[in-house]
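A.B. asks: Let me begin by handing over the structure; questions about it come next.
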Amino acid sequence: MLAPLSWLKEYVDITLSPKELGDRLTEVGLGTEKITKADGDVIFEFEITPNRPDLLSILGIAREIAAVERKKIRQLNLPNLTKPKKESLPIKLNPDYKLFQRWTGISIANISIKPSPQWMQDRLTKIGLRPINNVIDITNYVMFELGIPLHAFDYDQIIGHEMTVEKAIGGEHFTSVDEKSYHLPKNAIIIKDKERIIDLAGIKGGLNSGITDNTKYVFLHVTIDDPILIRRASIALSLRSDASAIYERGVDKGGTLKTLARAAQLVIELAGGNIASKIYDLKNKAFEPWKLKLRTERMNNILGIEIPEKRVLSILESLNLNPSIITLSSFPRKRESRFVPVKTGIKSGVTDSVIECTVPTYRNDLKIEEDLIEEVARIYGYNNFPKTIPIGQLSTKKIPYFKDFKIEEIAKNILQASGLSEIYTYSLIGEKDLTEQRWKTEDFLRVDNPVSLEFEYLRPTLKINLLKGFSQNKPNFKDINLFELGKVYLGNNLNEAKESYFLSGISNTKNFFEVKGILERLFDELGIKEDPTKFIEILDEGVFFEINYSEIIKQVDLNKKYIPLPKYPPIIEDLALIIEEKIKTGDIINEIKQQSRFVTDVSLLDTFRDSRTFHIIYQNKEGNLTTEEVGKIREKIIKFLKEKFNAKVKE
Amino acid sequence: MEEELIQIKNTAVSLILDILDRKTLEEVKLQFLGRSGKLTLVIKEIAKLPKEDRPEVGRLANEVKKAIEDTIANQELRIRQLTDQESGERKEKIDTSVPGIKPDIGHLHPMTQVLMDVVDVFKTIGFQVADGPEIETDYYNFEVLNIPKDHPSRDTQQTLFLDTRKSKVVPGEVILRTQTSAMQGRIMEKIKPPVRAIVPGKNFRYEQVDASHGFEFWQVEGFLVDTSVRLTDLFGTIDYVLRKLMGEGIKLKFATTNFPFVEPGVDTYIQCTVCNGRGCSFCKQSGWSEIMPAGMIHPNVLKAVGYDSQKVTGFAFAIGLSRLVTLRYQMDDLRLLTNPDMRILEQF
């Protein structure tokens, strides 16, 4: 939303510099994105939050400025629209209050279409609009001035001088004033005359009933359209207009007559003519301001400070919320001890009162007490608040979805210490990434509206991105060691979708046993009893591993217990065996360990041709092992290995 | 025998003084003082002397022994000094200014390093870490957060919808979460206050990528609900956390904003560290970067999870983790965080 300073100043006196004003408005919620100086004027560019349709207008912004500047708004001097003696241009309106909650209109006769005056053209240009002719410019000008959309029809083009509001069936053809044609989506709000669709309500006017250079009679109307139907239709048509942006967010239902009066005033002033109908104002509700209560005790409890009541009232007053105190206890009430508001240092003589506000119809974002609390807090200024640290209970119970972050830290630290560097990559991958692995795309989860085809599928593995990272580094590095801990997405449809963290890595400097050793160390540290061999794959690029981390950390056991040092010395000996090559070392080691509880550790010391030398540690925790005892165990081992693996002791 | 003793002493001392290495010194020591050393053997003979001669010869033997021991000790010291000197000379011969040989360790991603810090800081004020799904329902991502269908604020969080074919899911109901705030409902509906949680995680939005926006980005959601949580607590928590993470000297400011799930709504800006507030493409020339949107949890959200909004209050915030990382290390583009180039990784 663009707003020229000169236009704002018509409504409110401004003492702050543009920069100061922008900063202050940002603080109160009107995000100032840009301030530009041009042609002796200053143009503000504001970002309007979805809850404040009233700020999509010069008057709305001026009201906020009035609140921060503590100034009064200058009200427009509007004429009283009165019914003429002779209704020369009557019209029949067939309402549907579900579609138009309110329908306000008037006919004006004998106008002359011409360019609008320079001052109006300048203002429209400054806010980014293109001047067209006086009547159309007036409708735009008034919409941006007051924040309520309005539309002008060529009265003569309304066949039968009758208008009916209804929902589109879907598929109807419609040509807008800017000569674009559309097929209407179902349930778009449309206005028909006796024969044709003449308006796509709340979004765009129709070409067939629009203002032309020959228009002599106009029907001006202001409608309150259903926000959801407008939003759906404009999304379906990819057609967002200034009007639809206001309707979607909820327009000021109480302001239609004022808007109509302002438009009629300008039409008569700039295009001549005279009022030629009664004022139509079809509605099924009054659309009056509403009451909202604010308990100062609750406000203080939520804000954490006691803002003096006088200041609270003046803030509410500056926002036109018409505050009045409805109850005032003469003694300060006993405060609930759990709340500890911070003293502002200002003597306020705070009592717990209830302030009743009357909310103007343009502030339909103010619905509950907390909304009023925010109003007070934001104008008081967030940056004027003291800062406290929360008091209260600390729960030692694990919260739902608890994650032991320490495990991840340990795992990553071990991989880092082992020489691997961590990468973060996108969860979304392309079809090509999958087909290159010779995978079928239908086996994986897919996004319906990807940002691009490179990011259409949810990755089922970290391998693809690791290999990409590997090749990307190839030109610059000889040694590449990478890992990622990230989510993969399994299942081929949403009912079976499962997210799992995977831990994967690739190395072109480490051999199979080094990678296996890293994983063994990782599992040892985490207390996981698992053989990592099955997670490792030897690729052309290097040694790759991929572990279902979510699954494996279910085994994590970080509990450690001290084992007393042995009181008796171990007996260590090396045993050289000749065993067929196909027998796995791991199996031999396991079998040796099985033979006696006094065998506490076995490792492969050396391999030479057909012989393997095992390093065996014998130890008895309760006493010294004698040479005879060890000899017996050794005999048992040799005998067993001979029977099982046809092993022979090397002479 | 007395002569013999003196002879031994003289031979030993002159021999020892010529020795310049420890090994030989040790050998000579054994040769004289060892179990079958020359001096030991002579001393053994003392017992065979007449009783009256023994004290005199004994005293002399002790003196000789002490003299040899002292000489050995002195010579040991000398050898050590000489060796040190020599190694000093050797050290001078190599060029010690050549950089050391570093062990091959890898690098943790900057995101991980910052996240570890974030978790640590929040631990100090009693927050636990939680983790939840990225494939999320419309209910938790929007509706429980007071964002009904057709709410205009959905425009600010353009959603990536998942293909519902082959499943019984109604189209549009299952999405990639647009905000970690989706975890508020999931956690709160399962636990009674007090609750203090942070939820780090990835989010997805249909967004065109530029220096400060990505379609995948990280946030750390956090919220606290208790019997007496105040807006000043939120300001204090944000201030404490960001100063711990980004340094005492950072500049922060708060502004009003609107998210349907908070009231009052707060936005936190940090002075851009890329340009020190002068304005750059990263901060859209404003000198400030939005870092931590927050607010007091809206009563409708508390109601939706079964809390009594008159009895408990709470605050919630979301730290833009990706942005925090780039701001901490003065990286001028969010896309650097998903780039696996080791020339980037090795800087951290």
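A.B. asks: Please identify which residues in the stretch B:18-44 have an amide N closer than 20 Å to a label point set 7 Å out from the Cα of B:GLU69, following the Cα→Cβ vector.
C.D. replies: Answer for this model: B:25-44.
A.B. asks: Decide, for the stretch A:92-283, between rounded, prolate and oblate: order the square roots of the alpha carbon gyration tensor eigenvalues as a ≥ b ≥ c, take rounded if a/c falls under 1.5, and otherwise choose prolate if a/b is larger than b/c, else oblate.
C.D. replies: Here the stretch A:92-283 falls in the rounded category.
A.B. asks: How long are the three semi-axes of the equivalent ellipsoid for the stretch B:70-224, computed from the Cα gyration tensor as the root of 5 times each eigenvalue, in whole Å, largest first?
C.D. replies: 62, 21, 13
A.B. asks: Given the convex hull over the Cα atoms of the stretch A:499-651, what projected area results after averaging over all orientations, in nm²?
C.D. replies: Averaged projected hull area, Cα only: 12.1 nm².
A.B. asks: Two decimals, Cα atoms only, Kirkwood Rh: what is Rg/Rh over the protein assembly as shown?
C.D. replies: Computed over Cα atoms, the ratio is 1.18.
A.B. asks: Once the Cβ-Cβ distance between A:ASN590 and A:GLU541 is put in as r, and R0 is 41 Å, what FRET efficiency do you end up with, to the nearest 0.05?
C.D. replies: It comes to 0.80.
A.B. asks: Here is a follow-up. Just grab the label-to-label distance for A:GLU317 and A:LYS440, each label 7 Å out from Cα along the Cβ direction, in nm (one decimal).
C.D. replies: About 7.6 nm, to one decimal.
A.B. asks: According to the square roots a ≥ b ≥ c of the eigenvalues of the Cα gyration tensor, what is the shape class of the stretch B:110-345, taking rounded for a/c under 1.5, prolate for a/b larger than b/c otherwise, and oblate for the remainder?
C.D. replies: Since a/c reaches 1.5 but b/c is at least a/b, the shape of the stretch B:110-345 is classed as oblate.
A.B. asks: Moving on to the next point. Just to verify a number: FRET efficiency for A:LYS72 and B:ASP120, C-beta to C-beta distance, R0 = 56 Å, to 0.05?
C.D. replies: After rounding to 0.05, the efficiency reads 0.60.
A.B. asks: How many partner chain Cβ atoms sit within 10 Å of a residue's Cβ in peptide A:38-45, on average, as a whole number?
C.D. replies: 0
A.B. asks: By how many nm would the segment from A:GLU288 to A:LYS180 lengthen if fully extended, with 0.36 nm per residue of separation less the alpha-carbon distance?
C.D. replies: Between A:GLU288 and A:LYS180, full extension yields 35.0 nm more.
A.B. asks: Would you tell me the mean number of C-beta atoms belonging to other protein chains that fall within 10 Å of each C-beta in B:303-313, as a whole number?
C.D. replies: 1
A.B. asks: In addition: Starting from 0.36 nm per residue, how many nanometres of slack lie between B:GLU173 and B:ASP308 once their C-alpha separation is accounted for?
C.D. replies: Extra length from B:GLU173 to B:ASP308 when fully extended: 45.8 nm.
A.B. asks: Moving on. Taking only C-alpha pairs under 8 Å that are 6+ residues apart, what is the relative contact order of chain A in percent?
C.D. replies: 9 percent.
A.B. asks: Right, next: Pull out a ≥ b ≥ c, the square roots of the eigenvalues of the alpha-carbon gyration tensor of the stretch A:2-69, then state rounded if a/c is under 1.5, prolate if not and a/b is larger than b/c, and oblate in the remaining case.
C.D. replies: rounded
A.B. asks: Calculated FRET efficiency, A:SER112 and A:GLU47, Cβ-Cβ r, R0 60 Å, to nearest 0.05?
C.D. replies: It comes to 0.90.
A.B. asks: Taking only C-alpha pairs under 8 Å that are 6+ residues apart, what is the relative contact order of the stretch A:2-69 in percent?
C.D. replies: Relative contact order, the stretch A:2-69: 42 percent.
A.B. asks: Calculate the radius of gyration of the Cα atoms of the stretch A:571-649 to one decimal place, then report Dmax, the largest Cα-Cα distance, as a whole number, both in Å.
C.D. replies: 12.2, 39
A.B. asks: Would you calculate the separation in nanometres between label points at A:LYS278 and B:ILE105, each defined as 7 Å from the Cα along the Cα-to-beta-carbon direction?
C.D. replies: Distance between label points: 8.7 nm.
A.B. asks: Also, I was wondering about something else. Ignoring ligands, DNA and RNA, how do A:ARG459, A:ARG298, A:ARG597, B:ARG59 rank by accessible area with a 1.4 Å probe, largest first?
C.D. replies: So, going from the largest accessible area down, we get A:ARG597, B:ARG59, A:ARG298, A:ARG459.
A.B. asks: Take peptides A:363-374, B:260-271 and line them up by average Cβ neighbours within 10 Å, highest first, as a rough protection proxy.
C.D. replies: B:260-271, A:363-374
A.B. asks: Based on the Cα gyration tensor of the stretch B:73-147, what are the three equivalent ellipsoid semi-axes, each the root of five times an eigenvalue, rounded to whole Å and given largest first?
C.D. replies: Listed largest to smallest, the semi-axes of the stretch B:73-147 are 64, 17, 9 Å.
A.B. asks: On average, how many beta carbons from a partner chain sit within 10 Å of the beta carbon of a residue in A:225-233?
C.D. replies: Mean partner shielding for this stretch: 2.
A.B. asks: Please state the relative contact order of the stretch A:588-651 as a whole percent: Cα pairs under 8 Å, 6+ residues apart?
C.D. replies: Once normalised by length, the contact order is 26 percent.
A.B. asks: Along the Cα-to-Cβ line of A:ASN646, 7 Å from the Cα, sits a label point; which residues in the stretch A:574-591 have backbone N less than 12 Å from it?
C.D. replies: Of the residues in the stretch A:574-591, A:579-583 have backbone N under 12 Å from the label point off A:ASN646.
A.B. asks: Contour minus end-to-end for A:LYS636 and A:THR607, with contour as 0.36 nm per residue of separation and end-to-end as the Cα-Cα distance?
C.D. replies: 8.2 nm
A.B. asks: Shifting gears a bit: How many nm separate the modelled label positions at A:LYS432 and A:GLU525, each set 7 Å beyond the Cα in the direction of the Cβ?
C.D. replies: 3.8
A.B. asks: Determine the total buried accessible area between chain A and chain B, counting protein heavy atoms only with a 1.4 Å probe; round to the nearest 100 Å².
C.D. replies: Roughly 8700 Å².
A.B. asks: In straight Cα distance, which aspartates and glutamates are under 20 Å from A:LYS639, not counting same-chain residues fewer than 8 positions off?
C.D. replies: A:GLU573, A:ASP574, A:GLU580, A:GLU581, A:ASP587, A:GLU591, A:ASP601, A:ASP610, A:GLU628, A:GLU629, A:GLU651
A.B. asks: Say the cut-off is 25 Å between C-alpha atoms; which of A:LYS487/A:LYS516; A:LYS253/A:LYS278; A:LYS554/A:LYS644; A:LYS560/B:LYS123 go over it?
C.D. replies: Correct reply: A:LYS554/A:LYS644.
The values are calculated or read from the model by the stated rules, or taken from the named source; none is laboratory data. Quick caveat, the model's predicted, so the values are computed rather than measured. Cβ: placed from backbone, ideal geometry, glycine included. Neighbour counts: every protein chain shown. Note: accessible area is taken over every heavy atom of the protein model, side chains too, but ligands, DNA and RNA are not part of it. Shrake-Rupley method; radii C 1.70, N 1.55, O 1.52, S 1.80 Å.
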